[in-house]
Every structure is written in structure tokens, then in C-alpha cells.
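Worksheet: one structure, shown below.
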Amino acid sequence: MNSPILTIAGLSKTYKSGHTALQKVDLTIERGEIFALLGPNGAGKTTLINIICGLVRPSTGTVTVDGHDIIRDYRLTRTKIGLVPQELATDMFETVWDTVRFSRGLFGKGQNDAYLEGILRELSLWDKRQAKIMTLSGGMKRRVLIAKALSHEPSVLFLDEPTAGVDVELRRDMWNLVDKLRSRGVTIILTTHYIEEAEEMADRIGVIAHGRIILVEDKARLMKQLGTKTVTAHFQQELSVLPPTLSALGARLTSNGLALQCTFNSDEKSPVLSILRALDEAQLQVADIETQQSSLEEIFVNLVQTSAPAARVEN
């Protein structure tokens with residue numbers, strides 16, 4: 001079994017102001033996976049990423065990237081990491097080509113124009129390579145940040161809210177590129193407010209709240225364990241009261257008496273069959289039956305709302 005690409009142990013961060021951003025975070029990221037870190041604003045996501053990338057020093061704890069400590073082996077670990085930050089931060093008077101080539105050299109990588117051309121083409125930037133960054137649209141500037149982060153061929157790529165406020169085309173190109181990078185063995189860690197992207201792309205989900213990791217789970221297992229399934233049966237005629245067999249299953253009548261709803265945990269076996277049998281035994285005239293599976297967003301909101309509050313945190 002391969003060793004993890006990223007290991008975080010006992011990581012905490014308290015700023016001089018007294019605000020605690022992270023509290024004893026433990027996390028392991030496997031090679032080649034797509035890991036989505038979800039959390040509300042101020043949960044500590046950006047602080048965690050900045051520590052791993054060497055931009056902020058932790059108060060306690062250790063972080064290793066590919067077996068190397070991020071403080072003791074700063075230069076080596078930094079070359080293994082690419083970061084696409086939330087904020088646009090690059091020289092607006094440089095051309096796209098020059099800034100991407102400079103980023104590669106900054107990490108000590110030798111010249112490889114063919115590789116850089118491939119990245120720019122994948123991000124639909126090749127035709128803009130001689131344009132100054134100041135002349136680009138917001139979406140194109142975001143593409144430049146991605147190209148800069150990939151310029152030195154990192155083995156770990158952080159995407160901090162990479163598609164916030166960008167157009168649909170860039171989001172599509174972005175996730176197509178993520179697919180290609182994963183196929184090359186790049187480990188991708190993303191934070192996002194678009195939870196449907198995490199639901200679509202991620203292998204595992206981590207939830208951070210109040211500076212603590214409150215859950216890390218395989219996405220499919222998380223959806224099964226913490227998700228719910230709601231069964232709704234619509235009647236041909238109004239009911240005033242439910243038969244005891246249906247009430248025993250936790251079913252409840254809607255306010256108009258024309259339907260019942262019953263919510264099960266997603267890992268319960270055959271909830272729909274249980275409802276169907278009870279409906280049949282009660283000889284109720286059913287017009288339609290539908291089922292609805294909870295989304296990752298609903299699971300996330302419930303987790304954050306039920307997590308115990310801790311010290312005030314900031315990103």
C-alpha cells in the first residue's frame with residue numbers, strides 16, 4: 001500500500017490577536033485522490049491550506065508532504081505543491097506566457113515550453129499567451145492562476161474556491177482538467193461553496209467547523225450513512241388519519257391529507273418496500289409514489305449545525 005501524500009498531525013493555529021483558527025487538526029490524504037474540504041466561512045479552510053503551502057506557520061503540530069516536513073524541508077515540499085488561491089494575485093503588466101514561465105523557474109524547474117504550451121491549451125489560454133494579464137477578463141485571469149499553479153508540475157494541487165464567481169465554461173474546463181490531472185496521479189484537494197461539485201468530483205469528503213475536522217469519510221459511504229431517503233405516497237382521496245401500520249413506520253400525513261411522507265436513513269434496507277406493503281395491507285388507493293434522496297449539501301448543513309461550537313475562528 002502506498003504511503004499517504006499528505007499527513008497532518010495535531011495542527012493548531014492561534015493568531016496574535018487571540019483568535020484560534022485551527023484546533024488539533026489530524027488529516028491524512030492519499031495519493032491520487034480528490035479530497036473535498038467543506039466548511040462555512042470562517043471555519044479555518046484557508047488557514048489550513050496556507051499552513052500546508054508554507055504561507056502561514058502553525059502554532060503546534062506537524063505537516064509532511066510526501067514524507068517531508070513542511071518546515072524543515074520547506075523548499076522541497078513547496079516544489080511538490082501547487083496552489084490556486086481565491087484572490088487574484090499576479091503581475092498585471094506581464095504577459096500570460098511570461099508569468100507562467102517565471103512561475104516554473106521560481107520553483108527551480110528547467111525550461112519546458114512544450115509542457116507549458118499544453119497547460120495553456122488545456123485552459124484555453126494559448127491564444128492569449130502574449131496578452132498582458134491586465135487586459136484579460138476575470139475568468140481568463142482565473143485560468144492564468146491555474147496555469148501558474150501547474151507550471152512546476154506539482155504532485156499535490158490545492159484549489160481554494162477555484163470556481164467561485166466564474167463562468168460556466170471555465171467551471172467545465174476546470175473539472176475536465178481535474179479529471180486529466182487525476183489520471184496523471186496528481187492529488188487534488190479542493191475547497192468549494194458549490195457542494196454539487198464536491199458531490200460530483202470528490203472521492204472523500206472532509207468537513208471542518210469551528211477550526212476542527214468534524215468528519216472525514218468516503219463520499220459514497222457518507223451519503224449512505226448520513227443521508228436520508230423520503231418516500232411520498234399520493235392518494236386518490238383525502239385521508240383524515242393514517243392506519244397504525246403506516247404510523248408505526250414513522251409516516252405522517254401532509255396537511256391536505258392527500259399524501260403521506262416517511263423519511264428513512266439511507267442505509268436502511270428496503271424502506272420503499274415496507275411502505276408499499278403497509279399501503280397494500282391498508283387497502284389505500286394510491287395515485288403515485290416518489291422517492292427523494294438527500295443531497296450532500298443537506299448532509300453538510302446538518303453536520304455543521306449539530307457540531308459543538310468551539311473557540312471563535314477565522315479563515
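The values are calculated or read from the model by the stated rules, or taken from the named source; none is laboratory data. Every value quoted in this text rests on a predicted model; they were computed, and no experiment measured them. Methodologically, a virtual Cβ is constructed for each residue, glycine included, from the backbone with ideal geometry; neighbour enumeration extends over all protein chains shown.
Would you call F107 of a type in the set (F, W, Y) and surrounded by fewer than 12 Cβ atoms within 10 Å (Cβ to Cβ)?
Values: of a type in the set (F, W, Y): yes; surrounded by fewer than 12 Cβ atoms within 10 Å (Cβ to Cβ): no.
The answer is no for F107.
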Quiz prompt | Tabulated pairs, segment 9-33, first under 12 Å from G44 (Cβ atoms), second among the aromatic types (F, W, Y), C-beta under 9 angstrom, 6+ apart or interchain | solution = A21/Y15; L27/F35
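Residue under question is V100, and the condition is that it be in contact with a Ser or Thr (Cβ under 7 Å, 6 or more places away or on another chain), buried (at least 17 other Cβ atoms within 10 Å of the Cβ) and either hydrophobic (A, V, I, L, M, F, W, C) or more than 13 Å from A147 (Cα to Cα) (or both); does it hold?
On the way: in contact with a Ser or Thr (Cβ under 7 Å, 6 or more places away or on another chain): yes; buried (at least 17 other Cβ atoms within 10 Å of the Cβ): yes; either hydrophobic (A, V, I, L, M, F, W, C) or more than 13 Å from A147 (Cα to Cα) (or both): yes.
Criteria met by V100.
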Self-check item: Residue list for segment 64-75, filter: more than 20 Å from L181 (Cα to Cα), touching a residue at least 40 places away in the same chain (Cβ under 8 Å) and assigned to a loop (DSSP other than H, G, I, E, B)
Solution: G67
Quiz item: Of the residues R101, R142, which single one is of a type in the set (K, R), within 25 Å of D203 (Cα to Cα) and outside the structural domain of C53 (by TED's automatic domain parsing)?
Solution: R142
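Just need a number here: residues in segment 8-24 that are over 18 Å from E217 (Cβ atoms) and part of a strand (DSSP E or B).
At the first step, the residues of segment 8-24 found to be over 18 Å from E217 (Cβ atoms) are 9-24.
Filter once more, keeping what is part of a strand (DSSP E or B): 9-14, 20-24.
Selection size over segment 8-24: 11.
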Exercise. Select from segment 76-105 the residues that are assigned to a helix (DSSP H, G or I) and free of Cβ contacts under 8 Å to residues at least 12 places away in the same chain and write down the one among them that is farthest from K132 (Cα to Cα).
Key: L76
Quiz item: Can you tell me which residue in segment 117-133 is nearest to D66 (Cα to Cα), limited to those that are under 27 Å from the mean Cα position of the chain (by Cα) and surrounded by 13 or more Cβ atoms within 10 Å (Cβ to Cβ)?
Solution: I119
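Pick from K80, K24, K13: which is among the basic types (K, R), at pLDDT 90 or above, surrounded by 19 or more Cβ atoms within 10 Å (Cβ to Cβ) and over 27 Å from M140 (Cα atoms)? If you could, list the steps in order and put the result at the bottom.
On the way: K80 fails: over 27 Å from M140 (Cα atoms); K24 fails: surrounded by 19 or more Cβ atoms within 10 Å (Cβ to Cβ).
None of the others qualify; the one that does is K13.
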Quiz prompt | Which listed residue, of V144, V166, V156, V178, is modelled with pLDDT under 85, under 13 Å from V84 (Cα atoms), hydrophobic (A, V, I, L, M, F, W, C) and surrounded by 17 or more Cβ atoms within 10 Å (Cβ to Cβ) | solution = V178
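Just checking, which of L55, L27 is part of a strand (DSSP E or B), assigned by TED's automatic domain parsing to the domain that holds G211 and among the aliphatic types (A, V, I, L, M)? Break it down stepwise before answering.
Working: L55 fails: part of a strand (DSSP E or B).
Answer to the check: L27.
Have a look at G42, G61 and point out the one that is in contact (Cβ under 8 Å) with a residue 24 or more places away in the chain and in a loop (DSSP other than H, G, I, E, B). I'd like the intermediate steps shown before the answer.
Values: G61 fails: in a loop (DSSP other than H, G, I, E, B).
On inspection, the qualifying residue turns out to be G42.
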Self-check item: Flag if P4 is surrounded by 15 or more Cβ atoms within 10 Å (Cβ to Cβ), part of a loop (DSSP other than H, G, I, E, B) and in contact with a Ser or Thr (Cβ under 6 Å, 6 or more places away or on another chain)
Solution: yes
